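Accompanying notes for the structure given below.
Read the figures in this text as sums done on the coordinates, not as results from a lab. Here the structure is a predicted model, which means the values were calculated and not measured. Every residue, glycine as well, gets a Cβ built from its backbone with ideal geometry; the counts of neighbours run over all protein chains shown.
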Amino acid sequence: MVRKVVNISSVAGTTGNPGQSNYAAAKAAIIGLTKTLSKEWGRYRVAVNTVAFGYIQTRMTKAFEEGDTGIEIEGHNIKMGVPAAAVAEADKLIPLGRGGTPDEAAGAVYLFCIPESDYISGQTIVCGGGMGAVA
């Protein structure tokens, strides 16, 4: 039996992202941690891998139009999501043409959890619809 650890990163950690140096550095560190732990924990039959997400459609990344209301927190209205124009631009950069769903994101994690992946360790897969692919 192989035990599994699946860490979560981002395409920002694999390719960088302007304006997000701190975030990209933290996500790249997770990938380095994954590689190191896979070497250290392999003798204990622990496979350690990472899923690096691209744009996943969640309540924090859904499109909003001008005038949309957000959520109220302690009397303050906080807009949730991303401007619709920014979402449309992001979709153009993704080869599959759209952000991923939460179920698709979970599926990427699931791939590392099934017995068929028992001999895979120290790897990072990008769940980004082709975003972040290296030529």
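Sequence-distant contacts, meaning Cα pairs under 8 Å at least 6 residues apart, place the relative contact order of the chain at 31 percent. In the elastic network of the chain, a GNM with C-alpha springs shorter than 10 Å, the most mobile of PRO95, PRO18, PRO115 is PRO18.
Let's test the formula: R0 of 22 Å, r as the Cβ-Cβ distance of GLN20 and THR58. What FRET efficiency results, to the nearest 0.05? E(calc), rounded to 0.05, equals 0.80. Across region 20-34, rounded Karplus estimates of 3J(HN,Hα) from the backbone phi angles (6.51 cos²θ - 1.76 cosθ + 1.60, θ = phi - 60°) give 10, 4, 5, 5, 4, 5, 5, 6, 5, 4, 5, 5, x, 4, 4 Hz, Gly and Pro being marked x. Annotation: the antiparallel percentage among DSSP beta bridges lying fully within the chain is about 15.
Under a 5 Å amide H cut-off, with hydrogens placed 1.01 Å from N, ILE56 pairs with GLY100 among residues at least 5 apart or on other chains.
Taking only pairs that are 8 or more places apart or on different chains, how many Lys pairs in the chain have Cα atoms under 23 angstrom apart? Mind showing how you got there, number by number?
On the way: LYS4/LYS27; LYS4/LYS35; LYS4/LYS39; LYS27/LYS35; LYS27/LYS39; LYS27/LYS62; LYS62/LYS79; LYS62/LYS92.
So the count works out to 8.
Taking amide H positions as modeled 1.01 Å from N, with prolines and chain starts lacking one, the residues under 5 Å from THR124 and 5 or more places away or on another chain are THR50.
Only four residue types carry charge here, +1 at the Cβ of Lys and Arg and -1 at the Cβ of Asp and Glu. Report the dipole size of region 29-135 about the Cα centre in Debye, rounded to the nearest 20.
Working: 9 positive and 12 negative charges, 116 e Å.
In total the dipole reaches around 560 debye.
Comparing ALA84, ALA24, ALA108, which has the greatest mean-square fluctuation in the GNM of the chain with Cα pairs linked when under 10 Å apart? Comparing ALA84, ALA24, ALA108 in the GNM, the peak value goes to ALA84. Projected onto its three principal axes, the C-alpha set of the chain covers 56, 40, 28 Å, listed from the longest axis down.
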